[in-house]
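*Asks:* Before anything else, here's the structure in question.
The values are calculated or read from the model by the stated rules, or taken from the named source; none is laboratory data. The structure displayed is predicted, hence computed values, not measured ones. Glycine also receives a Cβ, built like all others from the backbone with ideal geometry; neighbour counts cover every protein chain displayed.
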């Protein structure tokens, strides 16, 4: 597929301008590439591989996956796509909670590395909290770091109490990232969890920032405030949702990982980094989808 060079160069310039730093100083882009449901349909394989490689070219060099995604098929797809560009990537994968013991975590990590065709992960996450004591999981993560198989670790789908529990165990405060659901129609983290993470220097990795897999997506895309902002910026409503998710990325430590299954969508995602919503637009969106006024259960897809 051929692409307009002006569009590609503009998207690359904007993505190169926008990044955040993890607690250890590593720099990552404010928009990455999600891969949930990718690698599952052979018919889409070539397009998905092209999308991943285009994303890296545009500066979306953070690729997120999990052993759960297609039971390893997403990792295998990525592995086939990055053989000559691994050094350009920030590669993230996640372990099932039932693999959270020290022994099982090491084995799960090895299998993910094998499928991805790499000798290390830039970030390894516990996909959600299970029955394994957090202290044991943390020990397992730290052992993987010392072995050089992962460079840093984090968690996913952890609410405030889970994070507090994590901080109470030895080396639990080495957690770099909490990957959580966050989009305009799901703002519950803003009441308590986001401030806690900001205070403790934990990066937010927002999954489903376009409300993928959620029942609110149609409502969001048709909302008058979203449509008006899209018209103002000559953008799509989906780009407005993504621009909103990263509106305070640099100050709040937020990166978004929309799904990147088709090249044309990857280009739109990269272009969204250039959209800066005005105060008036943000106010209109706030009225339509208000900030939470109380603690809400953590949304999970």
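*Asks:* Only residues that are surrounded by fewer than 23 Cβ atoms within 10 Å (Cβ to Cβ) and either out of contact with any strand residue (DSSP E or B) (no Cβ under 9 Å at 6 or more places or on another chain) or modelled with pLDDT of 95 or more (or both): list them for the range 8-18, please. Write out each step before concluding.
*Replies:* Let us first name the residues in the range 8-18 that are surrounded by fewer than 23 Cβ atoms within 10 Å (Cβ to Cβ), namely 8-10, 12-14, 16-18.
Of everything in the range 8-18, those that are surrounded by fewer than 23 Cβ atoms within 10 Å (Cβ to Cβ) and either out of contact with any strand residue (DSSP E or B) (no Cβ under 9 Å at 6 or more places or on another chain) or modelled with pLDDT of 95 or more (or both) turn out to be 8, 9, 10, 12, 13, 14, 17.
*Asks:* Just checking: which of the helices (runs of 4 or more DSSP H) contained wholly in the range 241-301 hold 1 or more residues that are within 21 Å of the chain's Cα centre (by Cα)?
*Replies:* In the range 241-301, the matching helices (runs of 4 or more DSSP H) lie at 249-252, 263-272.
*Asks:* Can I ask one more? Do you know which of the residues in the range 37-62 that are free of Cβ contacts under 8 Å to residues at least 40 places away in the same chain, within 18 Å of the chain's Cα centre (by Cα) and not in a helix (DSSP H, G or I) is nearest to residue 26 (Cα to Cα)? Before you say what the answer is, go through the steps one by one.
*Replies:* Step one: filter the range 37-62 for residues free of Cβ contacts under 8 Å to residues at least 40 places away in the same chain, giving 39-43, 45-46, 49, 53, 56, 61.
Next cut, within 18 Å of the chain's Cα centre (by Cα) only: 39, 53, 56, 61.
Remaining after also requiring not in a helix (DSSP H, G or I): 39, 61.
On the way: 39: 28, 61: 13 Å.
Residue satisfying both the conditions and the ranking: 61.
*Asks:* Collect the residues in the range 19-36 that are in a loop (DSSP other than H, G, I, E, B) and out of contact with any helix residue (DSSP H, G or I) (no Cβ under 7 Å at 6 or more places or on another chain), keeping them in residue-number order.
*Replies:* Answer for the range 19-36, where residues must be in a loop (DSSP other than H, G, I, E, B) and out of contact with any helix residue (DSSP H, G or I) (no Cβ under 7 Å at 6 or more places or on another chain): 22, 23, 24, 25, 26, 32.
*Asks:* Which of the residues belonging to the range 149-177 are in contact with a strand residue (DSSP E or B) (Cβ under 8 Å, 6 or more places away or on another chain) and either part of a helix (DSSP H, G or I) or closer than 11 Å to residue 129 by Cβ (or both)?
*Replies:* Once the filter is applied, which keeps residues that are in contact with a strand residue (DSSP E or B) (Cβ under 8 Å, 6 or more places away or on another chain) and either part of a helix (DSSP H, G or I) or closer than 11 Å to residue 129 by Cβ (or both), the range 149-177 yields 155, 156, 157, 158, 162, 163, 166, 174.
*Asks:* How many of the residues making up the range 178-192 are over 25 Å from residue 27 (Cα atoms) and assigned to a strand (DSSP E or B)?
*Replies:* Qualifying residue count for the region: 1.
*Asks:* Assuming residue 234 fulfils every condition listed in (1) in contact with a helix residue (DSSP H, G or I) (Cβ under 6 Å, 6 or more places away or on another chain); (2) assigned to a loop (DSSP other than H, G, I, E, B); (3) free of Cβ contacts under 8 Å to residues at least 40 places away in the same chain apart from one, which condition is it?
*Replies:* (1)
*Asks:* From the set of residues in the range 165-217 that are without any contact (Cβ under 8 Å) to a residue 12 or more places away in the chain and farther than 21 Å from residue 261 by Cβ, which is surrounded by the fewest Cβ atoms within 10 Å (Cβ to Cβ)?
*Replies:* Here the residue is 199.
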